[in-house]
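Before any comments, here is the structure.
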Amino acid sequence: MSGFLNVNEIKEKVSLIDFLRNLGYSPQKVANSEHFFRSMLREEYTASLCVYEKFGVWCDHGGAGVSGIRSGSVIDFALAYWYPSGLEEVLHKIVEYGQVDIDCLKSVPSGEVKKERPVRFQRYEFERVDELGSNAAINEYLDSRGIGSVAKGHLYEVYYYALDDRNKLRRYFAPGWPNENGGWEVRNKKFKGCLGHKGMSFLEGSAKRLCVFEEYFDFLSWRVWHPKDPAAILVLNSLSMLQTAKARAIKYDNIELYFHHDRAGRAATKAFISDLDISRDSSWIYAGFKDYNEKLVADISSGKITIAPAGFSGNAREGLTL
(Lines give C-alpha, C1' and ligand atoms only; values in the text may rest on other atoms or scores of the structure.)
Protein backbone atom coordinates (compact mmCIF):
# COMPACT_ATOMS: atom_id res chain seq x y z
CA MET A 1 0.00 0.00 0.00
CA SER A 2 1.44 3.36 -1.01
CA GLY A 3 0.42 6.95 -0.36
CA PHE A 4 -0.75 8.58 2.84
CA LEU A 5 -3.49 6.81 4.74
CA ASN A 6 -6.82 8.46 5.37
CA VAL A 7 -6.72 9.18 9.11
CA ASN A 8 -10.43 9.97 9.47
CA GLU A 9 -11.40 6.82 7.61
CA ILE A 10 -9.22 4.73 9.92
CA LYS A 11 -10.97 6.19 12.96
CA GLU A 12 -14.38 5.47 11.44
CA LYS A 13 -13.78 1.98 10.07
CA VAL A 14 -11.42 0.31 12.54
CA SER A 15 -13.20 -1.12 15.58
CA LEU A 16 -11.08 -0.83 18.71
CA ILE A 17 -12.55 -4.05 20.07
CA ASP A 18 -11.80 -6.01 16.88
CA PHE A 19 -8.37 -4.39 16.67
CA LEU A 20 -7.46 -5.55 20.20
CA ARG A 21 -8.89 -9.00 19.53
CA ASN A 22 -6.69 -9.30 16.44
CA LEU A 23 -3.71 -8.33 18.59
CA GLY A 24 -4.60 -11.22 20.91
CA TYR A 25 -6.36 -9.41 23.78
CA SER A 26 -9.78 -10.16 25.29
CA PRO A 27 -11.75 -8.07 27.79
CA GLN A 28 -11.88 -9.21 31.42
CA LYS A 29 -15.30 -7.63 31.91
CA VAL A 30 -18.02 -6.17 29.70
CA ALA A 31 -20.72 -3.81 31.01
CA ASN A 32 -23.05 -2.37 28.39
CA SER A 33 -20.69 -0.79 25.82
CA GLU A 34 -17.71 -0.64 28.19
CA HIS A 35 -15.03 -3.31 27.74
CA PHE A 36 -12.39 -3.58 30.47
CA PHE A 37 -8.93 -4.99 29.64
CA ARG A 38 -5.79 -5.54 31.63
CA SER A 39 -3.64 -2.76 30.25
CA MET A 40 -1.26 -3.97 27.58
CA LEU A 41 0.58 -0.62 27.73
CA ARG A 42 2.07 -1.34 31.15
CA GLU A 43 2.11 -4.11 33.78
CA GLU A 44 -1.04 -4.44 35.87
CA TYR A 45 -3.17 -7.12 37.55
CA THR A 46 -6.61 -5.53 37.46
CA ALA A 47 -8.53 -4.54 34.34
CA SER A 48 -8.42 -0.74 34.25
CA LEU A 49 -8.08 -0.03 30.53
CA CYS A 50 -11.60 0.65 29.29
CA VAL A 51 -12.75 0.72 25.68
CA TYR A 52 -16.00 2.63 25.17
CA GLU A 53 -17.35 0.79 22.14
CA LYS A 54 -20.16 3.30 21.53
CA PHE A 55 -17.71 6.17 21.07
CA GLY A 56 -14.76 4.26 19.64
CA VAL A 57 -12.31 5.54 22.27
CA TRP A 58 -10.30 4.12 25.17
CA CYS A 59 -8.96 5.31 28.52
CA ASP A 60 -6.35 3.66 30.74
CA HIS A 61 -7.65 4.63 34.18
CA GLY A 62 -4.62 3.15 35.91
CA GLY A 63 -2.14 5.53 34.30
CA ALA A 64 0.00 5.98 31.22
CA GLY A 65 2.67 3.65 29.92
CA VAL A 66 6.11 4.65 28.64
CA SER A 67 4.59 6.63 25.76
CA GLY A 68 2.70 8.97 28.10
CA ILE A 69 -0.58 8.45 26.19
CA ARG A 70 -3.48 7.26 28.34
CA SER A 71 -6.61 7.88 26.26
CA GLY A 72 -7.89 8.63 22.76
CA SER A 73 -8.81 6.99 19.47
CA VAL A 74 -7.54 3.78 17.89
CA ILE A 75 -4.66 5.83 16.43
CA ASP A 76 -3.66 7.14 19.86
CA PHE A 77 -3.75 3.58 21.20
CA ALA A 78 -1.56 2.31 18.38
CA LEU A 79 0.95 5.13 18.92
CA ALA A 80 1.16 4.11 22.58
CA TYR A 81 1.26 0.37 21.84
CA TRP A 82 4.01 0.59 19.19
CA TYR A 83 5.86 3.48 20.85
CA PRO A 84 8.19 5.05 19.66
CA SER A 85 7.18 4.20 16.07
CA GLY A 86 6.18 7.15 13.88
CA LEU A 87 2.67 7.99 12.72
CA GLU A 88 2.94 6.65 9.17
CA GLU A 89 4.33 3.28 10.32
CA VAL A 90 1.64 2.99 12.99
CA LEU A 91 -1.17 3.75 10.54
CA HIS A 92 -0.06 0.89 8.29
CA LYS A 93 0.02 -1.47 11.27
CA ILE A 94 -3.54 -0.44 12.21
CA VAL A 95 -4.73 -1.27 8.70
CA GLU A 96 -2.91 -4.61 8.85
CA TYR A 97 -4.37 -5.69 12.20
CA GLY A 98 -7.72 -3.93 11.73
CA GLN A 99 -8.30 -5.99 8.59
CA VAL A 100 -10.39 -3.35 6.80
CA ASP A 101 -10.05 -1.62 3.44
CA ILE A 102 -8.70 1.91 3.87
CA ASP A 103 -8.16 4.44 1.09
CA CYS A 104 -4.82 6.11 0.51
CA LEU A 105 -4.52 9.83 -0.06
CA LYS A 106 -1.96 9.57 -2.86
CA SER A 107 -2.14 13.21 -3.92
CA VAL A 108 -2.16 14.81 -0.47
CA PRO A 109 1.17 16.04 0.96
CA SER A 110 2.13 14.74 4.38
CA GLY A 111 1.80 18.21 5.90
CA GLU A 112 -1.91 18.24 5.05
CA VAL A 113 -2.50 14.77 6.45
CA LYS A 114 -0.91 15.79 9.71
CA LYS A 115 -3.57 18.47 10.12
CA GLU A 116 -5.92 15.66 11.11
CA ARG A 117 -3.91 15.45 14.34
CA PRO A 118 -3.83 18.29 16.88
CA VAL A 119 -1.19 20.95 16.27
CA ARG A 120 2.07 20.23 18.07
CA PHE A 121 5.72 21.23 17.76
CA GLN A 122 7.59 18.58 15.83
CA ARG A 123 10.97 19.51 17.36
CA TYR A 124 11.29 21.01 20.79
CA GLU A 125 13.18 20.62 24.03
CA PHE A 126 12.05 21.65 27.50
CA GLU A 127 14.24 23.98 29.47
CA ARG A 128 12.11 24.14 32.61
CA VAL A 129 8.63 24.72 34.05
CA ASP A 130 8.23 27.36 36.78
CA GLU A 131 5.40 28.58 38.95
CA LEU A 132 3.76 31.80 37.73
CA GLY A 133 5.03 35.11 39.05
CA SER A 134 8.51 35.89 37.75
CA ASN A 135 7.82 36.68 34.09
CA ALA A 136 6.28 40.10 33.42
CA ALA A 137 5.37 39.33 29.80
CA ILE A 138 3.41 36.20 30.75
CA ASN A 139 1.58 38.02 33.53
CA GLU A 140 0.71 40.92 31.26
CA TYR A 141 -0.63 38.54 28.64
CA LEU A 142 -2.80 36.71 31.19
CA ASP A 143 -4.06 40.04 32.54
CA SER A 144 -4.98 41.09 28.99
CA ARG A 145 -7.15 37.96 28.80
CA GLY A 146 -8.72 38.73 32.18
CA ILE A 147 -7.54 35.52 33.85
CA GLY A 148 -4.40 36.60 35.68
CA SER A 149 -6.15 36.64 39.07
CA VAL A 150 -7.14 32.96 38.85
CA ALA A 151 -4.16 31.60 36.93
CA LYS A 152 -1.92 30.47 39.79
CA GLY A 153 -2.22 26.77 40.42
CA HIS A 154 -3.72 26.26 36.96
CA LEU A 155 -1.08 27.78 34.65
CA TYR A 156 2.71 27.67 34.70
CA GLU A 157 5.64 29.37 33.01
CA VAL A 158 6.91 26.96 30.36
CA TYR A 159 10.42 27.57 28.94
CA TYR A 160 11.50 25.54 25.92
CA TYR A 161 13.45 25.46 22.66
CA ALA A 162 11.67 25.05 19.30
CA LEU A 163 12.26 25.54 15.60
CA ASP A 164 11.22 28.94 14.25
CA ASP A 165 9.92 29.71 10.74
CA ARG A 166 13.48 29.68 9.41
CA ASN A 167 14.14 26.20 10.84
CA LYS A 168 16.45 27.59 13.53
CA LEU A 169 16.26 26.48 17.14
CA ARG A 170 15.25 29.35 19.42
CA ARG A 171 14.32 29.76 23.07
CA TYR A 172 10.68 30.52 23.86
CA PHE A 173 8.41 30.86 26.83
CA ALA A 174 4.63 30.78 27.25
CA PRO A 175 1.95 30.16 29.84
CA GLY A 176 1.11 26.48 29.80
CA TRP A 177 -0.76 23.71 31.56
CA PRO A 178 -0.40 19.93 31.66
CA ASN A 179 -2.73 17.53 29.92
CA GLU A 180 -3.44 14.03 31.19
CA ASN A 181 -1.34 12.35 28.47
CA GLY A 182 1.90 13.86 29.74
CA GLY A 183 2.01 16.77 27.29
CA TRP A 184 2.04 20.50 27.92
CA GLU A 185 -0.47 22.79 26.23
CA VAL A 186 1.08 26.21 25.60
CA ARG A 187 -0.55 29.39 24.43
CA ASN A 188 0.20 33.06 23.87
CA LYS A 189 -0.89 35.86 21.55
CA LYS A 190 0.94 34.35 18.55
CA PHE A 191 0.16 30.65 18.73
CA LYS A 192 -1.35 27.76 20.62
CA GLY A 193 0.02 24.25 20.48
CA CYS A 194 1.12 21.18 22.40
CA LEU A 195 4.56 20.07 23.55
CA GLY A 196 4.35 16.27 23.59
CA HIS A 197 1.26 14.11 23.35
CA LYS A 198 -2.09 15.82 22.91
CA GLY A 199 -4.68 15.16 25.60
CA MET A 200 -7.48 16.55 27.71
CA SER A 201 -7.04 18.28 31.07
CA PHE A 202 -9.11 17.07 34.02
CA LEU A 203 -9.58 18.59 37.48
CA GLU A 204 -11.12 16.49 40.22
CA GLY A 205 -14.34 17.76 41.79
CA SER A 206 -17.91 16.71 42.34
CA ALA A 207 -18.63 13.06 41.53
CA LYS A 208 -22.02 14.04 40.06
CA ARG A 209 -21.47 17.34 38.21
CA LEU A 210 -19.07 17.97 35.33
CA CYS A 211 -18.34 21.18 33.43
CA VAL A 212 -16.87 20.58 29.97
CA PHE A 213 -14.90 23.35 28.20
CA GLU A 214 -13.50 23.50 24.71
CA GLU A 215 -10.44 25.50 25.77
CA TYR A 216 -8.56 26.07 29.02
CA PHE A 217 -8.83 29.86 28.95
CA ASP A 218 -12.61 29.44 28.80
CA PHE A 219 -12.44 27.34 31.97
CA LEU A 220 -10.36 30.02 33.70
CA SER A 221 -12.82 32.70 32.54
CA TRP A 222 -15.62 30.65 34.12
CA ARG A 223 -13.51 30.34 37.28
CA VAL A 224 -13.38 34.15 37.58
CA TRP A 225 -17.16 34.14 38.16
CA HIS A 226 -17.23 30.82 40.03
CA PRO A 227 -14.14 30.80 42.29
CA LYS A 228 -15.50 28.20 44.73
CA ASP A 229 -17.64 26.04 42.44
CA PRO A 230 -16.91 22.37 43.32
CA ALA A 231 -17.77 20.91 39.89
CA ALA A 232 -15.34 18.52 38.23
CA ILE A 233 -13.70 20.13 35.19
CA LEU A 234 -12.88 18.58 31.82
CA VAL A 235 -11.11 20.68 29.16
CA LEU A 236 -10.86 19.13 25.68
CA ASN A 237 -7.92 21.32 24.55
CA SER A 238 -9.01 20.31 21.03
CA LEU A 239 -12.33 19.24 19.52
CA SER A 240 -10.47 16.20 18.19
CA MET A 241 -10.88 14.87 21.75
CA LEU A 242 -14.70 15.07 21.61
CA GLN A 243 -15.37 11.33 21.51
CA THR A 244 -12.97 10.72 24.38
CA ALA A 245 -14.66 13.49 26.37
CA LYS A 246 -18.11 11.94 25.90
CA ALA A 247 -16.82 8.61 27.16
CA ARG A 248 -15.33 10.28 30.24
CA ALA A 249 -18.49 12.28 30.95
CA ILE A 250 -20.89 9.35 30.84
CA LYS A 251 -20.63 8.61 34.59
CA TYR A 252 -21.85 12.08 35.66
CA ASP A 253 -25.47 12.99 36.44
CA ASN A 254 -25.18 16.65 35.46
CA ILE A 255 -23.05 17.81 32.52
CA GLU A 256 -22.67 21.47 31.50
CA LEU A 257 -21.18 22.26 28.07
CA TYR A 258 -19.24 25.44 27.34
CA PHE A 259 -18.19 25.20 23.68
CA HIS A 260 -17.56 28.00 21.19
CA HIS A 261 -20.22 29.86 19.24
CA ASP A 262 -18.85 28.87 15.85
CA ARG A 263 -19.77 26.11 13.44
CA ALA A 264 -17.42 23.54 15.00
CA GLY A 265 -18.44 24.38 18.55
CA ARG A 266 -22.15 24.23 17.80
CA ALA A 267 -21.71 20.88 16.02
CA ALA A 268 -19.76 19.53 18.99
CA THR A 269 -22.47 20.67 21.40
CA LYS A 270 -25.17 19.03 19.32
CA ALA A 271 -23.21 15.77 19.04
CA PHE A 272 -22.49 15.72 22.78
CA ILE A 273 -26.15 16.21 23.74
CA SER A 274 -27.26 13.68 21.12
CA ASP A 275 -25.15 10.94 22.73
CA LEU A 276 -25.55 12.08 26.35
CA ASP A 277 -29.00 13.58 26.81
CA ILE A 278 -28.23 14.45 30.45
CA SER A 279 -25.84 17.15 29.21
CA ARG A 280 -27.00 20.69 28.48
CA ASP A 281 -25.73 23.65 26.52
CA SER A 282 -24.62 26.34 28.99
CA SER A 283 -23.04 28.62 26.38
CA TRP A 284 -26.03 30.99 26.58
CA ILE A 285 -24.05 32.70 29.36
CA TYR A 286 -21.78 34.28 26.73
CA ALA A 287 -24.43 34.80 24.05
CA GLY A 288 -23.24 37.33 21.47
CA PHE A 289 -19.60 36.34 21.93
CA LYS A 290 -17.54 33.56 20.40
CA ASP A 291 -16.49 32.09 23.75
CA TYR A 292 -16.40 32.61 27.51
CA ASN A 293 -13.07 34.43 27.45
CA GLU A 294 -14.20 36.90 24.79
CA LYS A 295 -17.13 37.87 26.99
CA LEU A 296 -14.88 38.25 30.03
CA VAL A 297 -12.48 40.57 28.18
CA ALA A 298 -15.42 42.63 26.87
CA ASP A 299 -16.95 42.94 30.35
CA ILE A 300 -13.65 44.12 31.79
CA SER A 301 -13.20 46.67 29.00
CA SER A 302 -16.70 48.06 29.52
CA GLY A 303 -16.27 48.26 33.29
CA LYS A 304 -18.92 45.63 34.07
CA ILE A 305 -16.36 43.69 36.07
CA THR A 306 -13.06 44.64 37.71
CA ILE A 307 -10.25 42.11 37.96
CA ALA A 308 -7.15 42.51 40.09
CA PRO A 309 -3.98 42.09 37.98
CA ALA A 310 -1.69 39.14 38.53
CA GLY A 311 1.30 40.03 40.68
CA PHE A 312 4.83 39.36 39.48
CA SER A 313 8.40 40.07 40.38
CA GLY A 314 11.32 40.56 38.00
CA ASN A 315 11.24 41.03 34.25
CA ALA A 316 10.69 38.85 31.22
CA ARG A 317 13.80 36.81 30.45
CA GLU A 318 16.08 38.43 27.90
CA GLY A 319 16.74 36.41 24.76
CA LEU A 320 13.42 34.58 24.94
CA THR A 321 10.31 34.96 22.82
CA LEU A 322 6.70 34.94 23.94
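The values are calculated or read from the model by the stated rules, or taken from the named source; none is laboratory data. Remember, it's a predicted structure, so these values are computed and weren't measured experimentally. Methodologically, a virtual Cβ is constructed for each residue, glycine included, from the backbone with ideal geometry; neighbour enumeration extends over all protein chains shown. These accessible areas exclude ligands, DNA and RNA; they are computed on the full protein's heavy atoms, side chains included. Shrake-Rupley method; radii C 1.70, N 1.55, O 1.52, S 1.80 Å.
Looking only at residues in segment 86-117 that are exposed (fewer than 15 other Cβ atoms within 10 Å of the Cβ) and among the small types (Gly, Ala, Ser), the one that is modelled with the highest pLDDT is Gly86. Sub-8 Å Cβ pairs linking a first residue in segment 216-230 that is closer than 16 Å to Asp299 by Cα to a second residue that is buried (at least 20 other Cβ atoms within 10 Å of the Cβ) and polar (S, T, N, Q), at least 6 apart or interchain, are Phe217/Asn293; Asp218/Asn293; Leu220/Asn293; Ser221/Asn293, ordered by first then second residue.
For segment 195-247, filtered to residues that are at pLDDT 90 or above, among the hydroxyl-bearing types (Ser, Thr, Tyr) and closer than 20 Å to His260 by Cα, the residue that is surrounded by the most Cβ atoms within 10 Å (Cβ to Cβ) is Ser221. Taking the listed residues Phe173, Phe202, the one that is closer than 18 Å to His61 by Cα and among the aromatic types (Phe, Trp, Tyr) is Phe202, with no other qualifying.
Of the helices (runs of 4 or more DSSP H) lying entirely inside segment 168-277, those containing at least 2 residues that are basic (Lys, Arg) span 242-249, 263-275. Among the residues making up segment 164-193, a single one is of a type in the set (A, V, I, L, M, F, W, C) and out of contact with any strand residue (DSSP E or B) (no Cβ under 6 Å at 6 or more places or on another chain): Phe191.
Filtering segment 45-75 to residues that are outside any strand (DSSP E or B) and open to solvent by 30 Å² or more (accessible area, probe 1.4 Å) leaves Tyr45, Thr46, Glu53, Lys54, Gly56, His61, Gly62, Ala64, Val66, Arg70. Output the qualifying pairs, or none if there are none: Cβ atoms under 7 angstrom, residues six or more apart or on different chains, first residue in segment 287-305 and more than 13 Å from Phe217 (Cα to Cα), second residue among the basic types (Lys, Arg) and surrounded by 17 or more Cβ atoms within 10 Å (Cβ to Cβ). Once the first residue is more than 13 Å from Phe217 (Cα to Cα) and sits in segment 287-305, its partners that are among the basic types (Lys, Arg) and surrounded by 17 or more Cβ atoms within 10 Å (Cβ to Cβ) give Phe289/Lys295. Within segment 169-183, the residues that satisfy the criterion of being within 10 Å of the chain's Cα centre (by Cα) and within 19 Å of Leu239 (Cβ to Cβ) are Asn179, Glu180, Asn181, Gly183. For segment 172-194, residues that are open to solvent by less than 10 Å² (accessible area, probe 1.4 Å) and hydroxyl-bearing (Ser, Thr, Tyr) total 0.
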